[in-house]
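Accompanying notes for the structure given below.
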Amino acid sequence: MDGSPASLPPAATRPRVVILGRPNVGKSTLFNRLVGKRLALVDDQPGVTRDRREAEAQLFDLAFTIVDTAGLEEAEVESLEGRMRLQSAAALKGADVALFVVDARAGLTEGDRHFGRWLREEAGVPVVVVANKAEGRAGEPGLYEAFELGFGDPVPFSAEHGEGLADLFEALAPLLPAPGDGAWADAGGRQGEPSPEEAARPLELAIVGRPNAGKSTLINRLLGENRLLTGPEAGITRDSIRIPWVHRGRPVNLIDTAGQRRQAKVTDRLERLAVRDAERAVDFAEVVVLLLDATRGLEAQDLRIADRVLGEGRALLVVLNKWDAAVDQSRLFNGVKAALEEGLAQVKGVPLLTASGLTGKGLDQLIDAAFATRERWSRRVPTAALNRWFEGALARNPPPAPGGRRIKLRYITQARTRPPTFILFGNRLEELPQSYVRYLVNSLRAELDLEGVPIRLNLRSRKNPYAP
């Protein structure tokens, strides 16, 4: 899957290829193979994928957006499986090609035939049948049966082993525009020229929390569509889904994550995979929104999630969701704020907001606060301002003198941003009490407008050349 990066089109203008099929036929494995990364969760258990996931894929010199979907199942619309099928059908809107995946080893089933008829009647886009798991002779009967679907020659493929990429390329190439034609051009602009919004760096915003806190509902409200699967069942979301969005002209990547229960309660292998996927999403985020259910208040698991976010150096916002359903709002807000101050003492001033994913109230303020927090998290303090703060902090509270010998703090410098990281130079810093280090960090945060973001202060002593 090699290609020249210089020839790739902007992501927003690439054609869309949607993967459809029954549960457990290998759709997510095919998605990962085309993307070149293990983005989607894969397990032997059927029905792992629930929300549709998008990523940029490349197959030789074909570049396109690939969309993984939930398995197609016959079920009542109100059921979880029925809502998953509606999400898969919604993915077909705006698609250029559909990849209909069948299991060559299991052979064609009545479900495959049913959804094949549905695709012929409803898809409105070209359909390529992919006979997955076709490696070896065991897949040959199912490959021949796939001709019955009436979509032309099926592509023999093995997503697990990467066999059949050339055949899939030959099937897709006539259906997708080549990189050199006018279909890649941006509307109203030159070919390949990014718009101002695409040129700006998007805010990587992850939404985390316990199950059923309303994460997917809140993101759907921001997007203005039912993009993510929601419902009364806890733990619907499994994959961490990254969705590009624009808020008042500023790009945002919204990342929905699986609910995180207390570790002792997580016994199912699939739930452990989903939680690890959520933790990886935090690692790559800039700002993390910890969503609390206002009808349940703050729990110990919320503090554990927040502590991990701050430990990874991410900027944090705490949001009381379902605020429209909260009782005794003033008392609840003040109680949660006091508990956060006590439970997250390592980072003073973490913003606490209220919102309702159901009504949309408070969501604009949430996004504005996220951008402001990222600005503080990415800030480089001018050297002159840092020196003035350092002199004032030492004058107000000089370092202690254990054993009658004063610890000398010589100077401080900012080593990096995201999160703000400082290096303090001096003598005998190994004897500097942690209480004094906390004083310096809290003073840095308060006086240099770094409220609510994690700060790292590293101590570095000059080595004594005469020491043994």
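Every number in this text was worked out from the coordinates using simple rules, so none of it is lab data. Remember, it's a predicted structure, so these values are computed and weren't measured experimentally. FYI the Cβ positions are ideal-geometry reconstructions off the backbone, even for glycines, and counts take in every protein chain you see.
Taking all Cα pairs closer than 8 Å and separated by 6 or more residues, the relative contact order of segment 330-468 comes to 25 percent.
Using DSSP to call loops (not H, G, I, E or B), can you name the GluC sites (Glu not before Pro) in segment 243-299 whose Cβ has at most 15 other Cβ atoms within 10 angstrom?
Working: sites: E271, E279, E286, E299; in loops: E286, E299.
Sparse-neighbourhood loop GluC sites (Glu not before Pro): E299.
For D328 and K37, a Förster radius of 51 Å and the Cβ-Cβ distance give a FRET efficiency of 0.60, rounded to the nearest 0.05.
Calculate, for T383 and N253, the FRET efficiency according to 1/(1 + (r/R0)^6) with r their C-beta to C-beta distance and R0 41 Å; round to the nearest 0.05.
Working: r = 33 Å, r/R0 = 0.80.
Calculated transfer efficiency: 0.80.
Using a cutoff of 8 angstrom between alpha carbon atoms and counting only pairs six or more residues apart, the relative contact order for the chain works out to 11 percent. Multiplying the residue separation of F60 and R456 by 0.36 nm and subtracting their alpha-carbon distance yields 138.2 nm.
Taking a span of 27 Å or more along the helix axis (Cα atoms) and a mean Kyte-Doolittle hydropathy of at least 1.0 as the rule, no DSSP H helix of the chain qualifies. The dipole here belongs to the chain: it is taken about the Cα centre, uses +1 on the Cβ of Lys and Arg and -1 on the Cβ of Asp and Glu, and is about 3260 debye. Adding -39500 (n - 2.57) for every DSSP H run of four residues or longer, then dividing by how many residues the chain holds, sets the calculated 222 nm ellipticity at -9500 deg cm²/dmol.
A cut-off of 5 Å between modelled amide H atoms, ignoring neighbours fewer than 5 places along the same chain, links R410 with F425, G426, N427.
Rg over Rh of segment 340-435, using C-alpha atoms and the Kirkwood radius, what does it come to?
Numbers: Rg = 18.8 Å, Rh = 16.7 Å.
Rounded to two decimals, Rg/Rh equals 1.12.
Once you order the gyration tensor axes a ≥ b ≥ c over the Cα atoms, which shape class does segment 218-354 get: rounded for a/c under 1.5, otherwise prolate or oblate by comparing a/b with b/c? Taking the square roots of the gyration eigenvalues as a ≥ b ≥ c, segment 218-354 is rounded. Summarising the strand pairing of segment 200-377, around 25 percent of its internal DSSP beta bridges are antiparallel.
Express in nm, to one decimal, how much length is gained between E122 and R410 on full extension, taking 0.36 nm for each residue of separation and deducting their alpha carbon distance.
Working: separation 288, 0.36 × 288 = 103.68 nm, distance 7.24 nm.
My answer for the length gained is 96.4 nm.
Within straight-line reach of K93, meaning a Cα separation under 30 Å, sit the following lysines at least 8 residues removed in sequence or on another chain: K27, K37, K133, K215, K361.
Give me D for the chain in µm² s⁻¹, whole number, from Stokes-Einstein with Rh from the Kirkwood sum over alpha-carbon pairs, 37 °C and 0.692 mPa s.
Values: Rh = 25.1 Å.
After rounding, the answer is 131 µm²/s.
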